[in-house]
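Below is one structure, written out as structure tokens; the observations come after it.
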Amino acid sequence: MASIQTRFGDGSPVTMSRGELRQDLEEGTADAAERGSVAPLTEDDLRRLEDIFASPHRFLGVEPGREIVLSYDGTPLKMKRAQVNVDRLQSLQIYEKLMGADTLEMGHVDYSFKPVKPIVTFEQPLMEQVLSVTTAPVFYGAMPNLGLYSQPDGPFPNPAELMPRGQIKEAQESYEAAVEEAVKDIVYVCGALYESGADAIILDTVGAAGDADVLAGLKATEILTEKYPGICVELGMASEFILGMHSGLSYKGVRLAGLYPHDQLKLAQQAGARIFGPVCNTNSGKSTPWNLSRAITFMKACCEEADIPIHVNMGMGVGAMTVHDHPPLDVASRASKAMVEICRLDGL
Amino acid sequence: MGMAITHAIASGMGGMRAAGDLVARMQIARGMKIDEAKAHVAGKLKCSVSDLTDPILMNEARDELGLGLLHPYGGSPKCMEAKFNIAELLEIDVNCVQRFRSHLSASNL
């Protein structure tokens, strides 16, 4: 049996036998099933993954008719990171006309709502210009990023300093105060951009600072969808598991800490999100087959419960994509194909 | 960048090269799942669902219906003009189109 060339989660190459491949696929799905209390992949799913990884071709794509819609996060930042010297408007034209983008996303280089708030009057006219020279739907995206609300970056005592001193109640109060301020900032910025004509909003990397971060995202989504009945809010998560940094917070009676994607989805739907972006983190020390089998297990369970479109996060370090700025085409294309086809996705 | 290009080629609908932006609009405007969104767009374009990612067929359809082209020519509907036509064809509200309209004086409508 020919050996199989694949990679670890950090992108480094590895050669596996068919038996080793199968073992990693089984262990990956078992890990997700146990952690998330969801069904493991079926025998058909595992065989399909085996075939995808055993294919000798350097690049794979979905079967015709199975294509999905792509949405993005941090779009203009990618050009700046690569030091391609175009402004944000031109970068979106490049995405639309040269990169086959189904949707566009405008965002600020800080990519957090708090720093955007004082400069939103500069963001609005640029959004209006972007909308006048593009055809594809334009999102505005940023992160709740609750970390910016604690000292020294923000007004509230730093929970990471309070907790080691045993000041748990004070740390929780700090998180609760930060949620209220973050919600105000998100609603203010998103409302301004929507009133400038944005087609949709992306709250991205929701949960990066734990359960309080998620609560801010859900509350802001609820307020925005009540205030603007036509608004589309895409809620994109930060990780597969909501960290209980506060640990006592709940939304509509459901405790947030510890929720996996299929349960996160239910709250996103209740809040009024129109698109949900679940995440599964990549383990850089495990193989891509292990990571992909694990990620698809979480995402399949999420898709089966969804009433709204699911756009799985498959950027660097999530969705079995490698933790590297330069994704290798071999495993990236395999992950893209497998995730879309097995989960019956709506988008990425 | 490499990530976005990989997904676009492996799994994406092709954006304006085909009808990816139109299908995306149905998810945004109505929260439609992918199969329903594709069926709606295919119905409006009077084509099959499998045609939606064909750049040759979709270029012809977009040109005929004024939905914006990857390579627009002089006089062809572009950008905001195309979005007026997209909103009408798909029977959806497009936020910037509504706001554009609201900024015009009544005599210009």
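Observations on the structure shown:
- Residues of the stretch A:196-214 that turn out to be within 14 Å of another protein chain (Cβ to nearest Cβ) and either closer than 16 Å to A:A142 by Cβ or without any contact (Cβ under 8 Å) to a residue 40 or more places away in the chain (or both), as a count: 6
- The C-beta contact set for the stretch A:253-268 (first residue surrounded by fewer than 18 Cβ atoms within 10 Å (Cβ to Cβ), second residue among the basic types (K, R), distance under 9 angstrom, 6+ apart or interchain) comprises A:V254/A:K266.
- Any hit, the stretch A:136-153, residues being modelled with pLDDT of 95 or more, more than 18 Å from the chain's Cα centre (by Cα), within 14 Å of another protein chain (Cβ to nearest Cβ) and under 18 Å from B:I28 (Cα atoms): yes
- Per-region count, the stretch A:258-278, residues closer than 14 Å to A:R35 by Cα and either part of a loop (DSSP other than H, G, I, E, B) or in contact with a Pro (Cβ under 9 Å, 6 or more places away or on another chain) (or both): 5
- Flag: A:K252 does not match the condition of being within 14 Å of chain B (Cβ to nearest Cβ) and over 16 Å from A:G28 (Cα atoms).
Results for (1) modelled with pLDDT under 95; (2) in contact with a Gly (Cβ under 7 Å, 6 or more places away or on another chain); (3) under 28 Å from A:L329 (Cβ atoms), shown as yes or no for each residue.
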residue: B:A4; (1), (2), (3): yes, no, yes
residue: B:G15; (1), (2), (3): no, yes, yes
residue: B:G20; (1), (2), (3): no, yes, yes
residue: B:M26; (1), (2), (3): no, no, no
residue: B:E36; (1), (2), (3): no, no, no
residue: B:L45; (1), (2), (3): no, no, no
residue: B:V49; (1), (2), (3): no, yes, yes
residue: B:N59; (1), (2), (3): no, no, yes
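- The set of residues from the stretch A:313-346 being more than 7 Å from chain B (Cβ to nearest Cβ) and among the small types (G, A, S) comprises A:G317, A:G319, A:A320, A:A335, A:A338.
- Helices (runs of 4 or more DSSP H) contained in the stretch A:21-128 and holding at least 2 residues among the acidic types (D, E) and either modelled with pLDDT of 95 or more or on the phi < 0 side of the Ramachandran plot (or both): A:43-54
- Residues of the stretch A:95-130 classified as over 26 Å from B:M3 (Cβ atoms), at the interface with chain B (Cβ under 10 Å from one of its Cβ atoms) and basic (K, R), total: 0
- The single residue among A:T75, A:T15 that is β-branched (V, I, T) and closer than 30 Å to A:Q129 by Cβ turns out to be A:T75.
- Residue in the stretch A:48-58 that is surrounded by 15 or more Cβ atoms within 10 Å (Cβ to Cβ), more than 30 Å from A:A200 (Cβ to Cβ), touching a Pro at 6+ places or on another chain (Cβ under 7 Å) and of a type in the set (F, W, Y) present: yes
The values are calculated or read from the model by the stated rules, or taken from the named source; none is laboratory data. No experiment lies behind these values; they were computed from the predicted model shown. Every residue, glycine as well, gets a Cβ built from its backbone with ideal geometry; the counts of neighbours run over all protein chains shown.
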